[in-house]
Every structure is written in structure tokens, then in C-alpha cells.
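Written below as C-alpha cells is the structure these notes are about.
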Amino acid sequence: MATLTESRILQRYRELTPNSARLAREARQVLPSGVAHDSRYLEPYPIFVERAAGAHKWDVDGREYVDYSGGHGALLLGHNHPRVVAAVAEQLQRGTHFGACHELEIVWGRCVQRLIPSAERVRFTSSGTEATLLALRIARAATGRPKIMRLAGHFHGWHDHMAFGVSSRYDGSASPGVLDEVAKNVVLVAPGDTEAAAAALQSGDVAAVILEPTGASWGQVPLAPHFVAELRELTAKHAALLIFDEVISGFRCAPGGAQQALGIEPDLTTLAKILAGGLPGGAVAGRADLLEWLEFPAKPSQREKISHHGTFNANPLSAAAGIATLEIVETTDACERANDYAARLRDALNAVLREERVPWVVYGTYSGFHFFFNSDRQELSAEEISSGKLDYRVLKARPSATLLTKLRLGMLIHGVEIFSWPGGPTSACHNDRDLQRTADALRETVRMLKDEDEIES
Ligand SMILES: Cc1ncc(COP(=O)(O)O)c(C=O)c1O
């Protein structure tokens, strides 16, 4: 097996991307590991992007890529949708930040109310992380209980309550910089374990259960809909709140998010990504009596209101982009197109893997795809994985760092950028040419990996 430094894949990548290499050297002098987000880290260095349009982006060496990072899932409509660009350009002329109330925040909030079934009221934040942070605070204030139940492997951003138990520390121990006292107030339950969830809720000190309703890391560990329905019943029975973290599934699985697709209504929903049309933004939406905790003055039943600030909350540019995007989501088949493309892409990639006799499986639900590396060479179909056959620890386990890096570099060499999961979200503007290019890229990459004995030929 060629090590990374001896790898011809790595050598070829370096030959094709000298300008990215130069920028990466500079970036490391400024940014830890040269990146601004852990998921963008790649050995020997990531591509540096100059521009993007539709489902494609171009790096500083002039190379074009089919894009499957999709703005970390924010770009259901692809890059630079003309209506979104026009709305932002128009707003730019009027002002970027009034530090005051403005009409667009009402229109934007109305879009959320119309689309998200459980959204009686909306409070905007600047990110998904801020949204989950606020939702937990509302839950604790409203119930007077200290604990939060999370499902192991589910991702909810990076604040202290969420910074462990996502891809490691499934025992619930605190990660560096997180207080043990905070971690102790988080109960981690294995996805699908109704008994454990019931036992935890029985204790009466759980304020809320928060989950990604389509499964950990947006379906990397698919979640059975009946389990979500059971959590709805259990939380109602034990007077705890149910929070759907729809930061990625919102406006994506369906215009009304996973809650519309599943027909299950949570008490609170966290939103971001597509919500703000590719600009920064987030929101907590949900029951009016819960969002009431943010209102002036505190109600007699509340000792004190929840204080909530945020310089960029409901920023006018984000509102303009968000409104344009949500109107398109509401009035077109954008979600369906992205879902349909993903289903066809998963089939096409699995066909390549079968033809190349590679035991990996590409699976997923809605507009996403994930690679399972199947190191035990089990007889498994994408449907079996998607219906929850495998344990979350198996699905979350990463292959060797070398294999993962070589896979991502191989795809980049052949003009496709997959996300670090590995896999990616698809958009409403990926087309048949993109699909063919992605399948061809996987075939060529797999052959390169075989040449380096990373997979058996
Ligand atoms: C389900 C989920 N929740 C929360 C977050 C955090 O959102 P943000 O990156 O906007 O802070 C993410 C981001 O990927 C997410 O996928």
C-alpha cells in the first residue's frame, strides 16, 4: 500500500493544483491548519475556490468541479441562483445592516410559518449552532428541568452541550474545553433504543430530546420513522419537549422539512442553511407558548424572560436571500428534483462499485449520499442500510485516514468535490452530465485506489 507521501494520487493532485498549494502554505501562517472549518481540512491541502455557479465551482488553478459540498448543505438551489442574487443585490443598495427592525424579517418569518408545519413563532439567530443553543435554553426555562437527551452520533453544531458524542465519546464524556458539569447534563441514547429513551425520560429531569429527524449527520445513520414517532409520544407523556434539529433537513427533504415528510410535529425546530439562501442565518421556530419566553415582559408564570441578542440576527441581506430561496422552495419542485437526482446518483455510483467489484455501498435518503466502506465485505444493499440495519458506531466509523484522503483527492483529480463525510448533499440544479461525470470520476478513482492496493482488485 502506498503511503500518502508516496502516493501517485497525491502526486497528481499536487501537479494539478499548484496555486491551491501556494495559498495553503500562506493560510497555515494565519489559520490553524489553514482552514476555517474542520470539515474543510484535507491532506496535503484543500482546493482554494475562486468562483462558483449552479452545481459547479472553479479553483484558483482554473479547474472545474461538480460540487457536492453545496455550501455545507445551504445551497439547495445551487450557487448564485439569479433570483437570490438579484434580491441580495437590491438589498445591498439599501443597506447591509440597519441594527433595527425591518420589513424583510417579517416576510422571512412568514415564509417559515407557511412552510414549517409546527412554526407558530420564529426567532432568528446567526447560525444553526446558535439556534440549537437557544432551543435548549428555552426548553430548560420552560420545563424547569436541567437535562437534555441527545441521540448518539447526531450533530447539532459545536457549542458545549453538543461537542461530544457525535463521532467519538459516545460515553458522554466531555471533550477538550467542555465542562464535565455540562456533559453530565446531557443524556446520550443510542438511536433506535426506545427502552433507553423511555428510561431516561422516566427520571423526570429531562427538559428536551433533540435529534436530527432523518438520522445522525443527515442520514449517515438513518433513523426509523417509527422511532421518531415513539419519541414524540414519550416526550409528550413525560412533559419533555421534542426538538427537531432541521438545520440541514429543513426546506430540503420537503418544503416543510422532515416534519412534513414524516408527518410528525415537534415542539421546537432549529433551522439554518437553506433558511438564509446561502448567507449566514438561523432560527428557532415552534410553539407560541414556548417562544413566549423571549417576549417582553416576562409572564407571571415566568420569573424572568430569556435574554437573547445577536448582532446579525435577521440580517437584511440574509433575509433577502432567504425569502427569495424559500419562495422558490415553496412554489417549485426544487426539493423533489434534488431528491430525485440523489436517488439516481446513488444508483449510478453503486453500479460503478458493482462493476468494479468494490464492496462499498453508497446509500442515503432524500437529497444526500453517503459512502459505507464495508470492510467486512458483508452482503448489503443500500436499502438495507437506509432502513437501519447497521449500528450507528459501524456507520460512523471512518475508514483509514489514508483511504479517505485518497478517495477525496482522486475525485478532485477527476473534477468532483465530495464532502468530507464522505458523500454530500445534492441540489436542484445538478443534471445528467454531472451525474455521469461523478460516476466516471468514481470509476477512475477506484482504479487508482486499486493500483495503490487501497482496495482489492
Ligand atoms: C443538523 C445540524 N445542526 C446544527 C448545525 C450547525 O449549524 P451551523 O454550522 O450553522 O452552526 C449543522 C451544521 O452542519 C447541522 O447539520
Next on the checklist: Taking loop as defined by DSSP and a crowding limit of 14 other beta carbons within 10 Å, which trypsin sites (Lys or Arg not before Pro) in region 353-457 fit?
Outcome noted: ARG357, ARG377, LYS389
Item to check | Extension gain (nm, one decimal) between GLN378 and VAL30, 0.36 nm per residue minus Cα-Cα | outcome: 120.8 nm
Item to check | Residues of type lysines that LYS450 reaches as a straight line, Cα spacing below 19 Å, ignoring anything fewer than 8 places off in the same chain | outcome: LYS406
Item to check | Estimated FRET transfer efficiency when R0 is 22 angstrom, pair SER167-ALA196 (beta carbons, to 0.05) | outcome: 0.65
Checklist entry - For the chain, what is Rg from Cα atoms divided by 2.2 N^0.38 Å, rounded to two decimals? => result 0.98
Checklist entry - Which of the lysines could be linked to LYS273 by a straight reach, that is with a Cα gap under 22 Å, when you skip same-chain ones fewer than 8 residues away? => result LYS57
Item to check | Gained length - GLN93 relative to ASP432, 0.36 nm times residue gap less alpha-carbon distance | outcome: 118.3 nm
Item to check | Alpha carbon convex hull of region 361-457, volume per residue in cubic angstrom | outcome: 107
Checklist entry - Cα-Cα pairs above 29 Å in region 1-157: how many percent? => result 44
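Using only the alpha carbon atoms of region 211-325, find the Kirkwood hydrodynamic radius as the inverse mean reciprocal pair distance, in angstroms to one decimal.
After inverting the pairwise mean of 1/r, the radius is 15.5 Å.
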Next on the checklist: What are the extents of the Cα atoms of region 80-192 along their three principal axes, in Å, largest first?
Outcome noted: 50, 30, 30
Item to check | Taking the C-alpha atoms of region 144-287, convex hull volume expressed per residue in Å³ | outcome: 110
Checklist entry - Based on the Cβ-Cβ distance of GLU295 and GLU233, what FRET efficiency does E = 1/(1 + (r/R0)^6) give at R0 = 35 Å, to the nearest 0.05? => result 0.75
Next on the checklist: Debye calculation, C-alpha points only, no solvent: report log10 I(q)/I(0) for region 1-86 at q = 0.11, 0.18, 0.25 Å⁻¹, in the same order as the q values.
Outcome noted: -0.37, -0.89, -1.27
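Please compute the length gained on full extension between SER203 and HIS159, using 0.36 nm multiplied by the number of residues separating them and subtracting their Cα-Cα distance.
13.3 nm
A short reminder: the numbers here are calculations on the coordinates, not readings from a lab. Since we're looking at a predicted model, the values are computed, not measured. Backbone-built Cβ (ideal geometry, glycine too); neighbour counts: all protein chains shown.
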